[in-house]
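J.: The structure that follows is given in the form of structure tokens.
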Amino acid sequence: MDARVARTFALLVAVSYPLVASGGTDYGTELKRQVTQDRGPHWLFVPQGHVDLSAEEVHLIGEWLSAHDTGWKPASVLDFSPSKTQFVTANCVIEIDSDRIVVTYMRDEKDMDSAVYIQRSLSPDEQSFWSRIVAAAKSTNQPVQRTGWPP
């Protein structure tokens, strides 16, 4: 392998490494830190633009992410799709894809190469929770009822 090919290969490895989360990371702890440090804004992206989330919706999303700190597995940027339901906060992007949730956040907000992508399967009760959050946000920011919390 010549030097140019070796440099190109090294660059590809270096660029792709942050796109996939490493297996030994405690994602639950990192996610809790992202949630507690989040100061907004908080949006649900819809075809017409975005909907501002109410304080109650933001609180419920943060509680859910903090309470569900197990079962997270590595994902990649390829697991995100603009056609899916996405919540955006100052610290992370949360995508709901029927029976799974995909989250990305930056380990270091000043380092664009510190992106982490993780995913987790959703139980039917958890899917119902996220459906209620989405429906509430879309219906002129009406607060989500806490019935059945936590899923």
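The values are calculated or read from the model by the stated rules, or taken from the named source; none is laboratory data. Since this is a predicted model, take the numbers as computed values, not measurements. Backbone-built Cβ (ideal geometry, glycine too); neighbour counts: all protein chains shown. Each accessible area value is taken on the protein alone, full model and side chains, heavy atoms only, with ligands, DNA and RNA left out. Shrake-Rupley method; radii C 1.70, N 1.55, O 1.52, S 1.80 Å.
J.: Ser83 versus (1) of a type in the set (Ser, Thr, Tyr); (2) modelled with pLDDT of 75 or more; (3) farther than 23 Å from Gln119 by Cβ: which is the lone unmet condition?
T.: It fails just one condition, (3).
J.: Identify, please: which residue in region 70-106 is among the small types (Gly, Ala, Ser), touching a residue at least 40 places away in the same chain (Cβ under 8 Å) and farther than 16 Å from Trp43 by Cβ and is, among those, least open to solvent (accessible area, probe 1.4 Å)?
T.: Ala75
J.: I'd like to check something: does region 66-79 contain any residue that is in contact with a strand residue (DSSP E or B) (Cβ under 9 Å, 6 or more places away or on another chain) and at pLDDT below 85?
T.: Within region 66-79, not a single residue is in contact with a strand residue (DSSP E or B) (Cβ under 9 Å, 6 or more places away or on another chain) and at pLDDT below 85.
J.: Can you name the residue in region 116-136 that is surrounded by 19 or more Cβ atoms within 10 Å (Cβ to Cβ) and among the aliphatic types (A, V, I, L, M) and, of all such residues, is farthest from Arg39 (Cα to Cα)?
T.: Leu122
J.: Tell me, which residue of region 97-120 that is β-branched (Val, Ile, Thr) and modelled with pLDDT under 90 is farthest from the chain's Cα centre (by Cα)?
T.: Out of the qualifying residues, it is Val116.
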